[in-house]
1. Using beta carbons and a limit of 7 Å, which pairs, at least six apart or on different chains, have the first residue in region 1-17 and open to solvent by 60 Å² or more (accessible area, probe 1.4 Å) and the second one in a loop (DSSP other than H, G, I, E, B)?
2. Quick check on my filter: what residues within region 35-44 are under 27 Å from residue 62 (Cβ atoms) and open to solvent by less than 10 Å² (accessible area, probe 1.4 Å)?
3. Check 146, 134, 139 and return the single one that is out of contact with any His (no Cβ under 6 Å at 6 or more places or on another chain), farther than 23 Å from residue 37 by Cβ and of a type in the set (A, V, I, L, M).
4. Show the residue pairs that are 6+ apart or on different chains and have beta-carbon atoms under 6 Å apart, the first residue being within region 90-102 and at positive phi, the second being at pLDDT below 95.
5. Would you pick out the residues in region 121-137 that are among the hydrophobic types (A, V, I, L, M, F, W, C) and under 23 Å from residue 8 (Cβ atoms)?
6. For residues that are open to solvent by 50 Å² or more (accessible area, probe 1.4 Å) and of a type outside the set (Val, Ile, Thr), scanning just region 191-203, find the one that is nearest to residue 13 (Cα to Cα).
7. Give the number of residues within region 46-66 that are among the hydroxyl-bearing types (Ser, Thr, Tyr) and in a helix (DSSP H, G or I).
8. Against the definition (farther than 30 Å from residue 82 by Cβ and basic (Lys, Arg)), how does residue 53 come out, yes or no?
Amino acid sequence: MCWSATADLAAGSAVAAVGVACVALVRSGRELPLAALPLLLGAHQIVESAVWRSGGGGGPATLAWAVMALPVPALWVPAGVMCVAPPHARLRLVLPLAAGAVTAALLACGLAGDPVTAEIRGHTVGYALHVSPVVPLVVGYLLATVGSLLLSGDRRLLVLGVLAAVGAAVCWALWRLEFVSTWCAFAALCSVVLFGWVRARRMSAGARSGA
């Protein structure tokens, strides 16, 4: 996520603050899951700061990190997108939602059956977890998270999906090189985009009610 415990804590707190602002702007319960997504991202980074400070290992913070990184977003994101999607886009979102449900279930079972461990590797944290089959799970996860945003029928969510795809690719490449973890920067950027999305929907709703 970030390159140190301090960076994770600071970035996580900032992202969570954006999440609070997003939730405060919500005008409809259907918008709440996506509006609250920065809260999950922020909490996730704060949890990783605890992983850094514990020196890795397989403690509660490591397990919490894995749960918040894997099964939760796989279902949270496509379900949130489905809640706010326009009618013409809902049919095509059934596939990402189904993929997310199956992927989340398999990941949850994998995490329940095998311990997760973390290892500090310079400016990154490496996580070892045993889930299978790996390739279908990765495909299902990306289809559920990035795919649902790209198919949302909402221009701002489409931008968010592109940012998430690019961010995942860049962060994965840097993490594989064990150079530095940079996902916190993309998480912050995505949270700002979500804030803009919530604010635009609030202004649109206000304009309609004023008319």
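1. Listed pairs, sorted by first residue: 3/123; 3/180; 3/181.
2. 38, 42
3. Among 146, 134, 139, only 134 is out of contact with any His (no Cβ under 6 Å at 6 or more places or on another chain), farther than 23 Å from residue 37 by Cβ and of a type in the set (A, V, I, L, M).
4. From region 90-102, no pairs qualify.
5. Passing the criteria: 125, 128, 129.
6. We begin by selecting, within region 191-203, every residue open to solvent by 50 Å² or more (accessible area, probe 1.4 Å); these are 192, 195, 199, 201-203.
Next cut, of a type outside the set (Val, Ile, Thr) only: 195, 199, 201-203.
Numbers: 195: 15, 199: 21, 201: 25, 202: 24, 203: 27 Å.
So, considering only residues that are open to solvent by 50 Å² or more (accessible area, probe 1.4 Å) and of a type outside the set (Val, Ile, Thr), the one nearest to residue 13 (Cα to Cα) is 195.
7. Going through region 46-66, the residues among the hydroxyl-bearing types (Ser, Thr, Tyr) turn out to be 49, 54, 62.
Those left that are additionally in a helix (DSSP H, G or I): 49, 62.
Qualifying residue count for the region: 2.
8. Yes.
The values are calculated or read from the model by the stated rules, or taken from the named source; none is laboratory data. All figures in this text were calculated on a predicted structure; none of them were measured in a lab. Cβ: placed from backbone, ideal geometry, glycine included. Neighbour counts: every protein chain shown. To get the accessible areas, we keep the full protein, side chains included, count just its heavy atoms, and leave off ligands, DNA and RNA. Shrake-Rupley method; radii C 1.70, N 1.55, O 1.52, S 1.80 Å.
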